[in-house]
Amino acid sequence: MDKKLSELTTEKVNQNTLKIDKLETLEIVKLINEEDKKVATAVEKELSTISKAVDVIVNKLEGKKGRLIYIGAGTSGRLGVLDASECPPTFNTPKGMVQGLIAGGDYALRNAVEHSEDIEKNGELDLKEIQFSSSDVLVGIASSGRTPYVIGALKYAQSIGAKTISLACNKDSLISQYADIPIEVIVGAEAVTGSTRMKSGTAQKMVLNMLTTSAMIKLGKTYKNYMIDVQPTNEKLRIRASNILNELTGISKEEAVKILEDTNYNVKLSLVMIKGKVDKEKAEKVLEKSGGRVSQALELLK
């Protein structure tokens, strides 16, 4: 490795929390909170780079051509899997469009399989297992920025001409060398030395939220700031769907439910029917023409 572990910012001793083990409970949580406040500022410094990554992701996902693949180990891997798993219910993404891979496989989601991250070749093998191609985009996640498993994946992705993005919490990290767009969120030393599940994990979660949410907004998965592509798979989400129509169109919740039942709870389609004053068939056609973007569909109906 280029850098010794002890030289990494994420492994440094935090001078602000040296006496944390001697404090009362309230003082402990206050100290942790003070450190957490620094995370959003660190992320803010990388917004320009994050926005470039979003545009690459949108380009790959547009028209369902490619996929967004996260890959990482430990906390980093779990966060990637979490973000990917939340895309279908939130944005109605097709199965497999956004995926998360973790060193050690699904077993590692609930259990520590720390040694698995040390095998560089496994990153490549896991990508081959899902038939990763140049149509896809890879986001390699590693707080340290030096995880062999992630490096192996990024190297392979570049070798076949795929777009690569890295997310690390150390400056000039090794994984940045294998990324077209390197994101480095420098959160500083952790409250508990080396515990990158803390500030580093929080920073990664924030960035991953930005990547998928911003991409989905640009792909037409929202109207204004409403989740209009939500999958109403339970009672709470069905209520949310009717509330969305009620708030955006002014129709009663009873009317909203009736239209949603007619469209198999397709909020986007129902919205275009109501606001565009067209039948289901016309709404489907105009949505297809607009690439699924409600705002554009409504403009086309004017």
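Here, each number is a calculation from the coordinates, and none is a lab measurement. Since the model is a prediction, treat every value here as computed from it, not as a measurement. No Cβ is skipped: glycine too gets one built from the backbone with ideal geometry, and neighbour counts run over all protein chains shown.
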Query raised in the report: If G201 satisfies every condition in (1) surrounded by fewer than 21 Cβ atoms within 10 Å (Cβ to Cβ); (2) in contact with a Leu (Cβ under 8 Å, 6 or more places away or on another chain) but one, which is the exception?
Result: (1)
Report task. May I ask you to verify whether V230 is among the β-branched types (V, I, T) and either closer than 26 Å to V58 by Cα or assigned to a helix (DSSP H, G or I) (or both)? Result -> yes
**Report entry** Of all residues in the range 264-291 being assigned to a loop (DSSP other than H, G, I, E, B) and surrounded by 19 or more Cβ atoms within 10 Å (Cβ to Cβ), the one that is nearest to the chain's Cα centre (by Cα)
**Finding:** N266
Report summary line: Looking across the range 53-95 at residues that are within 20 Å of A153 (Cβ to Cβ) and basic (K, R), the single one that is farthest from the chain's Cα centre (by Cα) is K60
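Results for (1) surrounded by 24 or more Cβ atoms within 10 Å (Cβ to Cβ); (2) assigned to a helix (DSSP H, G or I), shown as yes or no for each residue.
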residue: E117; (1), (2): yes, yes
residue: G123; (1), (2): yes, yes
residue: K128; (1), (2): no, yes
residue: S133; (1), (2): no, no
residue: L138; (1), (2): yes, no
residue: Y149; (1), (2): yes, yes
residue: A157; (1), (2): yes, yes
Report summary line: Here the residues within the range 96-144 that are in contact (Cβ under 8 Å) with a residue 24 or more places away in the chain, farther than 21 Å from I50 by Cα and charged (D, E, K, R) are E114, E117, D118, E120, K121, E124, D126, K128
Query raised in the report: Mind checking which pairs have a first residue in the range 270-283 that is under 21 Å from N243 (Cβ atoms) and a second that is part of a helix (DSSP H, G or I) and polar (S, T, N, Q), Cβ under 8 Å, 6 or more apart or different chains?
Result: L271/T249; I274/T249; K275/T249
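Out of the residues in the range 159-197 that are more than 23 Å from E7 (Cβ to Cβ) and of a type in the set (V, I, T), state the one that is surrounded by the fewest Cβ atoms within 10 Å (Cβ to Cβ). Spell out how you get there, then give the answer.
Within the range 159-197, the subset more than 23 Å from E7 (Cβ to Cβ) is 159-165, 180-181.
Then keep just the ones that are of a type in the set (V, I, T); that gives 160, 164-165, 181.
Values: I160: 12, T164: 21, I165: 28, I181: 21.
Here the answer is I160.
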Query raised in the report: Where residues in the range 173-204 are in a loop (DSSP other than H, G, I, E, B) and among the charged types (D, E, K, R), which of them is farthest from G80 (Cα to Cα)?
Result: E190
Query raised in the report: Which pairs have Cβ atoms under 9 Å, sit 6 or more apart or on different chains, and link a residue in the range 145-158 that is more than 13 Å from S116 (Cα to Cα) to one that is acidic (D, E) and in a loop (DSSP other than H, G, I, E, B)?
Result: G145/D172; R146/D2; A157/D136; Q158/D180
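Considering only helices (runs of 4 or more DSSP H) fully contained in the range 1-100, which possess at least 2 residues that are under 30 Å from E288 (Cα atoms)?
On the way: elements: 25-44, 47-61, 74-85, 87-91.
The helices (runs of 4 or more DSSP H) meeting that bar are 47-61, 74-85, 87-91.
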